[in-house]
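Engineer: Take this structure, written in structure tokens, and hold onto it; I'll ask about it next.
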Amino acid sequence: MGLRITELTKSFGGLTAVSGFNLELGDRDLQGIIGPNGAGKTTVFNLITGVYAPDRGQIQLGDQAVSGLPSDAIARAGIARTFQNIRLFAQMTVLDNITMALHAHAGYGLLDATFRTATFRREEARLLMESRDHLARFGLLARQHEQAGSLPYGEQRRLEIARALATGPKVLLLDEPAAGMNPREVEELIRLIQQVHRDFSLAILLIEHQLPVVMELCREVQVLDFGQTIARGASHEVVRNPLVIEAYLGEEEPPA
Amino acid sequence: MSTQPQPEPTTPPPESGLPKVRFWMVCALILALALPLQLSVDAGLFPDVLNPYYLHLLTIIGMNIILVASLNLLNGYLGEFALGHAGFMAVGAYTAALLATKVLPGAAALPPVIGTIGILVVSLGGAMLASAGVGYLIGLVTFKTVGDYLAIITLGFNMIIVNAIQNIEFVGGPRGFTGIPKNTNFVAVAVCALLTIAVLRNLIQSSFGRVWVSIRENAIAAELMGVSIARAKNWAFTIAAAFAGLAGGLWAQNQQFITPRSFDYIKTTEILVMLYLGGMASLSGSILGVVAYTLLMELLRNLLSAFAPQLAEWRMLISPLILIIIMLTRQTGLLGNREWRWLRPRPGA
């Protein structure tokens, strides 16, 4: 089992943002979480990645309990994520955004770096090579010397996914990756996520507001509304669920 | 996996046909000039041309480069706003002064040059260790504070250090610490400044430096990439403090007399002015900022004392004025985020 979440609950003051959330994500699964704005989707991600500590509930990554650990420890345990509002290191180069992500794999210490020892130079050359290979897989090698913040929106999104994958995660969390994209960019994004799912050995959990994206990518989805799971199951069935239609549209018309 | 046809990777920006200047060449040049210069001044050669005053200026510039470049690590690369650099300098200065006068004078029995160098190396090492220790503690205490809060805490720490020293009779209290042997000269300061720039450059162009800059750029993203912010920040504070301590140790053994008030927030402000004048996140900027500021202040001093001696004290008004003008007109300073070629990483290395 990649990621197993049981009875995850979080309140802010009087507001229960997430209540009794459960999830079973297999090693190579690609699942989606959908729901209207303010349903608690991003809070789930913030709980999984340790940005917030859960009030109740368990988060298991493989055999390891990660709930309550600090964010950086959870990331090093193998959970990587992207953000709804892209969070790149805007003033760093595209290449450095990736090389930075390999910091935990840099096989040298402070003294090696201070004196540029042979170990440092060998390891740094390896990091650079791996970063360039990684960029090439995402079609961003030509951009390596540009500032990350100067890339067009679609490529920033792609770089952010590439950066998350550079840490070598077991689980990748994508927070509304299609937000703010035009239809052509959405089309490219769907292909990208499918390729990532095929080529990397990991599980993907996707939050998305745009139903067509989830329909195309995920066989299994669960629907959140007001912090509660109101439906779960195969995506084509879930979207016909009257509860879901009501939550999503507030009217009797099936979502596109 | 490729999502689009692969264009040829771009090469790094083309460089002009001039021979490539490397860091070691700059070091060699400076030392090749510094040594004969120092020896000539010591021997009193060409007193009309080689005024010891110029050497004194160069020495001040060297010590200020160490201070400003190390503060740049915190304020420029890590993106914090630390306001206590003179405090670390004070720890180093008093540690070195104590070591040089109370612990090590026995080494004076050694042959002259070797004895002096020995005392200098040990006292500077002690100064760096002591300030690094204090920097580590500050890093621990400030754990997750950022922005305004960190600025206030570091400023408070600066004041605590100065006030504490003022109340320790053993090191002279408010009267200051006198009788420190003059163990440094321009050559020693130049070597230390070059070493500082080399070490800071090496760290900044490593995984540690990339992590520091990533914290500045987006702390949440850095943390979710597995960076322990507290640890990375603590390293930066420890290293920056160690170099401020080095500058303090040199300062004490150059001025031969230190008082707690030489390390109060006014000194911190002066370091900040030079830093912002030169530009954030640029070692070249730190060097240029120090040189420009020091020369400007000396020029003003000479001009005022020549033409308007009654206005001589107004000189000190210029420095805050410079800071205001920079902040209003050119916030990146002279060289913000840019490096001279000899300080840039080698492409592909």
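Engineer: About its Cα centre, what dipole magnitude does the stretch A:135-256 give when the only charges are +1 on Lys and Arg Cβ and -1 on Asp and Glu Cβ, stated in debye to the nearest 20?
Structural biologist: On the way: 12 positive and 18 negative charges, 150 e Å.
With Lys and Arg at +1 and Asp and Glu at -1, about 720 debye.
Engineer: Under a Cβ-only charge scheme (Lys and Arg +1, Asp and Glu -1), can you give me the dipole magnitude of the protein assembly as shown about the Cα centre, in debye to the nearest 20? Mind showing how you got there, number by number?
Structural biologist: Details: 45 positive and 45 negative charges, 374 e Å.
My answer is approximately 1800 debye.
Engineer: So which residue, out of B:K233, B:K267, B:K20, gets the largest mean-square fluctuation from a GNM of chain B using Cα contacts under 10 Å as springs?
Structural biologist: The residue with the greatest mean-square fluctuation here is B:K20.
Engineer: Report ³J(HN,Hα) in whole Hz for each residue of the stretch B:209-222, in order, from the Karplus equation J = 6.51 cos²θ - 1.76 cosθ + 1.60 where θ = phi - 60°; Gly and Pro get x.
Structural biologist: x, 4, 5, 4, 5, 5, 5, 4, 6, 6, 4, 5, 4, 4
Engineer: Quick check: from the Cα gyration tensor, does the stretch B:26-127 come out rounded (a/c under 1.5), prolate or oblate? List each step's numbers first, then the result.
Structural biologist: Numbers: a/c = 2.34, a/b = 1.22, b/c = 1.91.
The shape class here is oblate.
Engineer: To continue, here is another question. Comparing B:L304, B:L275, B:L55, which has the greatest mean-square fluctuation in the GNM of chain B with Cα pairs linked when under 10 Å apart?
Structural biologist: Looking only at B:L304, B:L275, B:L55, the biggest GNM fluctuation is shown by B:L304.
Engineer: If you don't mind, there's one more thing I want to ask. Under 5 Å between amide H atoms, partner at least 5 residues away or on a different chain: which partners does A:G62 have, H built in plane at 1.01 Å?
Structural biologist: Residues meeting the criterion, in which the H sits 1.01 Å from N, are A:L3, A:R4.
Engineer: Right, something else. Using a 10 angstrom cutoff on alpha carbons, build the Gaussian network for chain A and name the most mobile of A:F83, A:F21, A:F12.
Structural biologist: Between A:F83, A:F21, A:F12, it is A:F12 that shows the largest mean-square fluctuation.
Engineer: Turning to a different aspect of this structure: Helix-only mean residue ellipticity at 222 nm, chain A, DSSP H runs n ≥ 4 weighted -39,500 (n - 2.57), per residue, nearest 500. What is it? Intermediate values should be presented prior to the final figure.
Structural biologist: Values: 10 runs with 99 residues, N = 256.
Helices in chain A give a 222 nm mean residue ellipticity of -11500 deg cm²/dmol.
Engineer: Please give the net charge around A:P70, taking every other residue with its beta carbon less than 12 angstrom from that of A:P70, where Lys and Arg add +1 and Asp and Glu add -1.
Structural biologist: On the way: positive: A:R76, B:K144, B:R231; negative: A:D72, B:E223.
Here the count lands on +1.
Engineer: Return the average number of partner chain Cβ atoms within 10 angstrom of each residue Cβ along peptide A:192-205. Could the numbers behind the result be given before it?
Structural biologist: Numbers: counts 3, 0, 0, 3, 2, 0, 1, 1, 1, 0, 0, 0, 0, 0.
Rounded to a whole number, the mean comes out at 1.
Engineer: Give the angle, between 0 and 90 degrees and rounded to the nearest 10, that separates the Cα long axis of helix B:85-98 from the longest principal axis of the Cα atoms of chain B.
Structural biologist: 40
Engineer: Mind checking which lysines have their C-alpha under 16 Å from B:K144, skipping anything on the same chain fewer than 8 residues away?
Structural biologist: Once the sequence-local lysines are set aside, what remains near B:K144 is B:K233.
Engineer: With a cut-off of at most 14 other beta carbons within 10 Å, and DSSP calling the residue loop, which chymotrypsin sites (Phe, Trp or Tyr not before Pro) in the stretch B:103-196 qualify? Please list them. Spell out each step's value before the answer.
Structural biologist: Numbers: sites: B:Y136, B:F143, B:Y149, B:F157, B:F170, B:F177, B:F186; in loops: B:F143.
Filter output for the stretch B:103-196: B:F143.
Engineer: Related question: Which one, B:A190, B:I215, B:G278, projects farthest toward the positive side of the charge dipole computed for the protein assembly as shown from Cβ point charges (K/R +1, D/E -1)?
Structural biologist: B:A190
Engineer: Continuing with the same structure: From the phi of every residue in the stretch B:291-304, what ³J(HN,Hα) in whole Hz does the Karplus formula 6.51 cos²θ - 1.76 cosθ + 1.60 yield, where θ is phi - 60° and glycine or proline is x?
Structural biologist: 4, 4, 5, 4, 5, 4, 5, 5, 4, 4, 4, 5, 5, 5
Engineer: Roughly how big is the stretch A:39-172's charge dipole about its Cα centre, with Cβ charges of +1 (Lys, Arg) and -1 (Asp, Glu), in debye to the nearest 20?
Structural biologist: Working: 16 positive and 12 negative charges, 42 e Å.
Its charge dipole is roughly 200 debye.
Engineer: Cut-off under 25 Å on the C-alpha distance; same-chain residues fewer than 8 positions from A:K170 excluded. Which lysines are left, in chain and number order?
Structural biologist: Those lysines meeting the cut-off are A:K10, A:K41.
Engineer: Please say if the protein assembly as shown is rounded, prolate or oblate, where rounded means a/c under 1.5 for a ≥ b ≥ c the square roots of the C-alpha gyration tensor eigenvalues, and otherwise the choice is prolate for a/b larger than b/c and oblate otherwise?
Structural biologist: Values: a/c = 2.55, a/b = 2.14, b/c = 1.19.
Here the protein assembly as shown falls in the prolate category.
Engineer: A:G32's amide H: which non-local residues (gap 5+, or another chain) put their own amide H closer than 5 Å, with H modeled 1.01 Å from N in plane and none for Pro or chain starts?
Structural biologist: A:L206, A:E220, A:V221, A:Q222
Engineer: Further, regarding this structure: With a cut-off of 8 Å between alpha carbons and a minimum separation of six or more residues, what is the relative contact order of the stretch B:22-142 in percent? Intermediate values should be presented prior to the final figure.
Structural biologist: Details: 54 pairs, mean separation 22.3, N = 121.
For the stretch B:22-142, the relative contact order is 18 percent.
Engineer: Sort the stretch B:16-80 into rounded, prolate or oblate with this rule: let a ≥ b ≥ c be the square roots of the eigenvalues of the Cα gyration tensor; rounded if a/c is under 1.5, and if a/c is not under 1.5, prolate when a/b is larger than b/c, oblate otherwise.
Structural biologist: On the way: a/c = 3.44, a/b = 1.48, b/c = 2.33.
Note, shape of the stretch B:16-80 comes out oblate.
Engineer: Please find the FRET efficiency linking B:E298 to A:A65, where r is the Cβ-Cβ separation and R0 is fixed at 56 Å, and quote it to the nearest 0.05. Mind showing how you got there, number by number?
Structural biologist: Numbers: r = 64 Å, r/R0 = 1.14.
E(calc), rounded to 0.05, equals 0.30.
Engineer: Here's something else I'd like to know. Which residue, B:A86, A:N22, B:L39, has the largest displacement toward the positive end of the dipole of the protein assembly as shown when charges sit on each Cβ (Lys, Arg +1; Asp, Glu -1)?
Structural biologist: Projecting each Cα onto the dipole axis, the largest value belongs to B:L39.
Engineer: Right, something else. Quick one: 3J(HN,Hα) in Hz for the stretch A:22-31, Karplus 6.51/-1.76/1.60 with θ = phi - 60°, rounded, Gly and Pro as x.
Structural biologist: 10, 7, 10, 10, x, 3, 10, 5, 10, 10
Engineer: Hey, how many Å between the Cα centroid of the stretch B:196-248 and the Cα centroid of the stretch B:43-98?
Structural biologist: 21
Engineer: Further question: Quick one: B:F46, A:F200, fewest Cβ neighbours within 10 Å first, how do they rank? Intermediate values should be presented prior to the final figure.
Structural biologist: On the way: B:F46 10, A:F200 17.
Fewest-to-most Cβ neighbours within 10 Å comes out as B:F46, A:F200.
Engineer: Same structure, new question: How far is the Cα center of the stretch B:260-298 from the Cα center of the stretch A:176-253, in Å?
Structural biologist: 54
Engineer: Taking the alpha-carbon distance from B:K182 and a cut-off under 23 Å, which lysines remain once sequence neighbours fewer than 8 residues away in the same chain are dropped?
Structural biologist: B:K102, B:K267
Engineer: Averaged across A:98-107, how many Cβ atoms of other chains sit within 10 Å of each residue's Cβ atom?
Structural biologist: Numbers: counts 0, 2, 12, 7, 3, 11, 5, 1, 5, 1.
Mean inter-chain Cβ contacts per residue within 10 Å come to 5.
Engineer: Counting each DSSP H run of 4 or more residues in chain B as -39500 (n - 2.57), what helix-only mean residue ellipticity at 222 nm follows after dividing by all residues, to the nearest 500 deg cm²/dmol?
Structural biologist: Numbers: 12 runs with 223 residues, N = 349.
Helix-only estimate at 222 nm: -21500 deg cm²/dmol.
Engineer: So for B:H56, B:H85, fewest C-beta neighbours within 10 Å to most, what's the order?
Structural biologist: Details: B:H56 13, B:H85 32.
Going from least to most buried by this count: B:H56, B:H85.
Here, each number is a calculation from the coordinates, and none is a lab measurement. Computed from a predicted model, the values in this text were never measured in an experiment. Ideal geometry is used to build each Cβ from the backbone, glycine not excepted, and the neighbour counts take in all protein chains shown.
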